[in-house]
Amino acid sequence: MLNIPSLGLVPMTKSTLLGVSIAAIFAISMIFAQTVTAEDDKPDYLKIEETKVTYHADEDGTFLKAEIKTEGKIKEKGAYGYGLLTDGGNNVLALTTHICASDSPFQGDASDKKCPNPVGLLDEDFTRDNDGKKFHAHILDLMPYTDACKAATGLDDGLEVDVANSVATNGGVPGVSPDYPVKESGKKIRVGNVPTDVLGDGSTVPTIVSFEIIPVTSGSSLDNLCLINVGN
């Protein structure tokens, strides 16, 4: 357990900052290690202005829908995303884009010219067919920093994605790396139809954050997953 305190459900207001100690890294070979960015230096699409989380129930269970509005237009470039922390901060519903790093069939296909040597978690055919930039969703478990993340970021403290237990397989594994409908338009990004029973304690979303993604790989394999500049 990471024991991050619950901060309460986030309505249509700016979410609460998680704290300077939280930084995570997603190791992708074409991204260079970065230091924490001052709030004013962040791109506007990483500054969260409003959030909304709603639920609906039917005979199949209870499902979450979320909308995030940012100060600037959301762009499918670079490696970054937005995270809804649940289960006391041990779990994150992440909406991410990271061209040339293949982990979801919903990413689409980037040209070989753009991604001549994509990083993948699966076989080569999957990697080359699913290395595009399209936003997609994952349910990820979090854990404290390993030495690999410390070395990549230059930070002594933070959070890391538990790659072994929660990163994608072809088509997604229910409760581990499922893909849910994600749509971004202008300054808004939305996700829906997420069953709360895969979110740990998904009855509340303590905070919603943005983050950037950085690299630790072995050849074409992804070894560590972490996020930096976590905040709102």
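The values are calculated or read from the model by the stated rules, or taken from the named source; none is laboratory data. Please read these numbers as outputs of a predicted model, since none were measured by experiment. Positions of Cβ are backbone-derived with ideal geometry, glycine not excepted, and every protein chain shown enters the neighbour counts.
Odds and ends about this structure:
- Count of the stretch 67-79 residues which are at pLDDT 95 or above and closer than 21 Å to residue 178 by Cα: 2
- Taking the stretch 149-161 as the range and being surrounded by fewer than 16 Cβ atoms within 10 Å (Cβ to Cβ) and under 17 Å from residue 222 (Cβ atoms) as the test, only 151 passes.
- Inspection of the stretch 26-47 identifies at least one residue that is assigned to a helix (DSSP H, G or I), in contact with a Gly (Cβ under 7 Å, 6 or more places away or on another chain) and modelled with pLDDT of 90 or more.
- For the stretch 122-150, the set of residues classified as aliphatic (A, V, I, L, M), modelled with pLDDT under 90 and within 16 Å of the chain's Cα centre (by Cα) consists of 139, 140, 142, 143, listed by residue number.
- Scanning the stretch 151-196 for residues that are part of a helix (DSSP H, G or I) and at pLDDT 85 or above yields a total of 4.
- Hey, residue 112 touching an Asp or Glu at 6+ places or on another chain (Cβ under 7 Å) and surrounded by fewer than 22 Cβ atoms within 10 Å (Cβ to Cβ) or not: no
- Filtered by the rule that a residue be among the polar types (S, T, N, Q) and assigned to a loop (DSSP other than H, G, I, E, B), the stretch 51-107 gives 90, 104, 107.
- Screening residue 131 with (1) crowded, with 24+ Cβ neighbours inside 10 Å; (2) closer than 22 Å to residue 67 by Cα gives one miss only, at (2).
- Within the stretch 45-67, residues that are free of Cβ contacts under 8 Å to residues at least 40 places away in the same chain have Cβ atoms under 8 Å from residues that are surrounded by fewer than 16 Cβ atoms within 10 Å (Cβ to Cβ) in these pairs: 50/12; 50/13; 50/14; 56/62, counting only partners at least 6 apart in sequence or on another chain.
- Qualifying residue in the stretch 200-221 (condition: of a type in the set (A, V, I, L, M), over 18 Å from residue 101 (Cα atoms) and modelled with pLDDT of 85 or more): yes
- Among the residues making up the stretch 197-232, those that are buried (at least 22 other Cβ atoms within 10 Å of the Cβ), assigned to a strand (DSSP E or B) and among the β-branched types (Val, Ile, Thr) are 207, 208, 209, 213, 228, 230.
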